[in-house]
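The values are calculated or read from the model by the stated rules, or taken from the named source; none is laboratory data. Everything numeric in this text was worked out from a predicted model, so none of it was measured. Every residue, glycine among them, receives a Cβ derived from its backbone with ideal geometry; neighbour counts consider all protein chains shown. Just the protein is used for accessible areas: all its heavy atoms, side chains included, with ligands, DNA and RNA removed. Shrake-Rupley method; radii C 1.70, N 1.55, O 1.52, S 1.80 Å.
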Amino acid sequence: MATPVVRVGIAAVIHDPKTNKMIFGTRKGSHGSGTIQFPGGHLDVGESWFDCAERETLEETGLVVKAKKLLAATNDIFEQEKKHYITLFILCERVDEKEPVVLEPEKCVGWFWNSWSDVKGLMNGDSGASGSGSGSGQQGEQKFFLPITNLLRDHPDIESLMQRRQLMEQGGHVE
(Lines give C-alpha, C1' and ligand atoms only; values in the text may rest on other atoms or scores of the structure.)
Protein backbone atom coordinates (compact mmCIF):
# COMPACT_ATOMS: atom_id res chain seq x y z
CA MET A 1 0.00 0.00 0.00
CA ALA A 2 1.34 3.42 -0.96
CA THR A 3 2.02 5.96 1.75
CA PRO A 4 -0.42 8.87 1.50
CA VAL A 5 1.19 12.15 0.51
CA VAL A 6 0.19 15.77 0.90
CA ARG A 7 -0.25 17.32 -2.55
CA VAL A 8 0.09 20.94 -3.56
CA GLY A 9 -2.89 22.47 -5.32
CA ILE A 10 -2.77 25.81 -7.09
CA ALA A 11 -5.86 28.00 -7.41
CA ALA A 12 -5.72 30.89 -9.90
CA VAL A 13 -7.70 33.83 -8.54
CA ILE A 14 -8.31 35.77 -11.76
CA HIS A 15 -9.60 39.16 -10.70
CA ASP A 16 -11.12 41.70 -13.06
CA PRO A 17 -10.65 45.10 -11.38
CA LYS A 18 -13.23 46.70 -13.69
CA THR A 19 -16.06 44.52 -12.37
CA ASN A 20 -14.46 43.38 -9.09
CA LYS A 21 -15.33 39.79 -10.05
CA MET A 22 -13.35 36.57 -10.36
CA ILE A 23 -13.67 33.48 -12.53
CA PHE A 24 -15.23 30.41 -10.93
CA GLY A 25 -16.21 27.05 -12.37
CA THR A 26 -18.17 23.99 -11.31
CA ARG A 27 -16.05 20.86 -10.76
CA LYS A 28 -16.87 17.60 -12.49
CA GLY A 29 -15.53 14.04 -12.38
CA SER A 30 -13.16 14.28 -9.40
CA HIS A 31 -13.19 14.86 -5.65
CA GLY A 32 -15.40 17.85 -4.99
CA SER A 33 -17.53 17.12 -8.05
CA GLY A 34 -20.41 19.60 -8.26
CA THR A 35 -18.66 22.24 -6.16
CA ILE A 36 -17.54 25.71 -7.22
CA GLN A 37 -13.81 26.23 -7.72
CA PHE A 38 -11.19 28.53 -9.22
CA PRO A 39 -9.20 27.41 -12.25
CA GLY A 40 -6.20 25.43 -11.05
CA GLY A 41 -4.65 22.07 -10.47
CA HIS A 42 -1.61 20.19 -9.22
CA LEU A 43 1.82 21.74 -8.99
CA ASP A 44 4.21 19.74 -11.18
CA VAL A 45 7.69 18.79 -9.97
CA GLY A 46 10.12 21.60 -10.76
CA GLU A 47 7.33 24.08 -11.61
CA SER A 48 6.91 27.48 -9.94
CA TRP A 49 3.59 28.40 -8.31
CA PHE A 50 3.11 31.21 -10.82
CA ASP A 51 3.90 29.03 -13.84
CA CYS A 52 1.39 26.45 -12.58
CA ALA A 53 -1.38 29.06 -12.15
CA GLU A 54 -0.75 30.42 -15.65
CA ARG A 55 -0.54 26.93 -17.22
CA GLU A 56 -3.63 25.54 -15.51
CA THR A 57 -5.67 28.63 -16.41
CA LEU A 58 -4.68 28.36 -20.07
CA GLU A 59 -5.35 24.60 -20.18
CA GLU A 60 -8.75 24.88 -18.49
CA THR A 61 -10.15 28.20 -19.74
CA GLY A 62 -8.08 29.26 -22.76
CA LEU A 63 -7.23 32.51 -20.94
CA VAL A 64 -3.73 33.93 -20.83
CA VAL A 65 -3.10 35.40 -17.38
CA LYS A 66 -0.13 36.84 -15.53
CA ALA A 67 0.38 35.45 -12.02
CA LYS A 68 1.24 38.34 -9.71
CA LYS A 69 1.18 37.41 -6.04
CA LEU A 70 0.60 34.65 -3.52
CA LEU A 71 -2.73 35.64 -1.97
CA ALA A 72 -3.12 32.94 0.71
CA ALA A 73 -2.68 29.25 1.52
CA THR A 74 -5.06 26.72 3.04
CA ASN A 75 -4.67 23.29 4.62
CA ASP A 76 -7.38 21.12 3.03
CA ILE A 77 -8.17 17.66 4.37
CA PHE A 78 -10.77 15.76 2.34
CA GLU A 79 -11.62 13.16 4.97
CA GLN A 80 -14.10 11.12 2.95
CA GLU A 81 -11.75 10.90 -0.05
CA LYS A 82 -8.68 10.42 2.17
CA LYS A 83 -6.85 13.25 0.39
CA HIS A 84 -4.79 16.07 1.86
CA TYR A 85 -3.80 19.24 -0.01
CA ILE A 86 -2.04 22.47 0.68
CA THR A 87 -3.72 24.94 -1.68
CA LEU A 88 -1.91 28.09 -2.77
CA PHE A 89 -4.18 30.87 -4.02
CA ILE A 90 -2.34 32.87 -6.67
CA LEU A 91 -3.66 36.31 -7.59
CA CYS A 92 -3.62 36.65 -11.39
CA GLU A 93 -4.48 39.41 -13.82
CA ARG A 94 -6.04 39.09 -17.23
CA VAL A 95 -3.77 39.75 -20.19
CA ASP A 96 -6.69 40.37 -22.57
CA GLU A 97 -10.49 40.69 -22.49
CA LYS A 98 -11.32 37.18 -23.70
CA GLU A 99 -13.95 35.18 -21.86
CA PRO A 100 -13.27 31.73 -20.36
CA VAL A 101 -14.15 28.63 -22.38
CA VAL A 102 -14.55 25.08 -21.04
CA LEU A 103 -11.54 23.25 -22.51
CA GLU A 104 -11.71 20.25 -20.18
CA PRO A 105 -15.41 19.29 -20.19
CA GLU A 106 -14.65 16.11 -18.25
CA LYS A 107 -13.41 18.29 -15.36
CA CYS A 108 -15.58 21.44 -15.46
CA VAL A 109 -19.25 22.12 -16.20
CA GLY A 110 -18.71 25.81 -17.00
CA TRP A 111 -17.07 29.10 -16.02
CA PHE A 112 -18.73 32.24 -14.64
CA TRP A 113 -17.83 35.53 -12.94
CA ASN A 114 -18.69 36.28 -9.30
CA SER A 115 -17.65 38.82 -6.68
CA TRP A 116 -16.54 37.90 -3.16
CA SER A 117 -19.76 39.42 -1.79
CA ASP A 118 -21.78 37.16 -4.15
CA VAL A 119 -19.73 34.13 -3.07
CA LYS A 120 -20.23 34.92 0.62
CA GLY A 121 -23.95 35.40 -0.02
CA LEU A 122 -24.18 32.06 -1.82
CA MET A 123 -22.30 30.34 1.02
CA ASN A 124 -24.80 31.82 3.46
CA GLY A 125 -27.78 30.68 1.38
CA ASP A 126 -28.61 34.04 -0.23
CA SER A 127 -30.41 33.03 -3.42
CA GLY A 128 -30.25 36.65 -4.66
CA ALA A 129 -26.49 36.36 -5.21
CA SER A 130 -25.60 34.76 -8.50
CA GLY A 131 -22.86 34.37 -11.06
CA SER A 132 -22.73 36.31 -14.26
CA GLY A 133 -20.71 36.49 -17.41
CA SER A 134 -20.58 34.21 -20.40
CA GLY A 135 -19.73 30.93 -18.65
CA SER A 136 -21.84 28.02 -19.77
CA GLY A 137 -22.09 26.37 -16.34
CA GLN A 138 -25.31 26.24 -14.42
CA GLN A 139 -24.62 26.96 -10.78
CA GLY A 140 -27.60 25.16 -9.25
CA GLU A 141 -27.15 24.36 -5.56
CA GLN A 142 -24.23 26.42 -4.31
CA LYS A 143 -21.53 24.30 -2.70
CA PHE A 144 -17.92 25.41 -2.73
CA PHE A 145 -14.78 23.36 -3.11
CA LEU A 146 -13.18 22.83 0.31
CA PRO A 147 -10.17 25.11 -0.37
CA ILE A 148 -12.51 28.07 -1.09
CA THR A 149 -14.53 27.33 2.04
CA ASN A 150 -11.31 27.20 4.08
CA LEU A 151 -9.99 30.37 2.44
CA LEU A 152 -13.07 32.33 3.45
CA ARG A 153 -13.06 30.80 6.93
CA ASP A 154 -9.40 31.74 7.44
CA HIS A 155 -9.69 35.13 5.68
CA PRO A 156 -13.22 36.53 6.11
CA ASP A 157 -11.73 39.88 5.04
CA ILE A 158 -10.59 38.46 1.69
CA GLU A 159 -11.45 41.66 -0.21
CA SER A 160 -9.09 43.76 1.91
CA LEU A 161 -6.42 41.04 1.72
CA MET A 162 -6.63 41.19 -2.09
CA GLN A 163 -6.40 45.00 -2.03
CA ARG A 164 -3.33 44.87 0.22
CA ARG A 165 -1.65 42.32 -2.07
CA GLN A 166 -2.43 44.44 -5.13
CA LEU A 167 -1.05 47.57 -3.43
CA MET A 168 2.12 45.68 -2.50
CA GLU A 169 2.48 44.55 -6.12
CA GLN A 170 2.20 48.17 -7.27
CA GLY A 171 4.85 49.25 -4.76
CA GLY A 172 2.37 51.04 -2.50
CA HIS A 173 2.66 51.35 1.26
CA VAL A 174 0.57 48.88 3.25
CA GLU A 175 -0.10 49.32 6.97
query: How large is the dipole of the range 46-90 about the Cα centre if only Lys and Arg carry +1 and Asp and Glu carry -1, each at its Cβ, rounded to the nearest 20 debye?
result: 220 debye
task: Find how much the distance from Ile77 to Glu93 grows on full extension, using 0.36 nm per residue of separation minus their present alpha carbon separation; answer in nm with one decimal.
output: 2.9 nm
field: Kirkwood Rh and Cα Rg combined as Rg over Rh, evaluated for the range 20-88
entry: 0.95
task: With a 1.4 Å probe and every protein chain left in place, tell me how much accessible area Thr26 has, in Å² to the nearest 10.
output: 10 Å²
field: Candidate residues Val102, Val109: accessible-area rank, largest first, probe 1.4 Å
entry: Val109, Val102
- prompt: Considering the dipole of the range 23-102 built from charges on the beta carbon (Lys and Arg +1, Asp and Glu -1) around the Cα centre, which of Gly41, Gly62, Thr74 is farthest to its positive end?
  reply: Thr74
- prompt: HN-Hα J couplings of the range 83-92 from phi, Karplus 6.51/-1.76/1.60, θ = phi - 60°, integer Hz, Gly and Pro as x?
  reply: 10, 9, 10, 9, 9, 9, 9, 9, 6, 10
statement: Full extension between Val45 and Thr149 adds, at 0.36 nm per residue less the Cα distance, a length in nm of 34.8 nm
statement: Treating only Lys and Arg (+1) and Asp and Glu (-1) as charged, each at its beta carbon, one finds that the range 23-108 has a dipole about its Cα centre, in Debye to the nearest 20, of 220 debye
- prompt: Which loop-located trypsin sites (Lys or Arg not before Pro) does the range 15-75 contain, where loop means any DSSP state but H, G, I, E or B and the Cβ has at most 15 other Cβ atoms within 10 Å?
  reply: Lys18
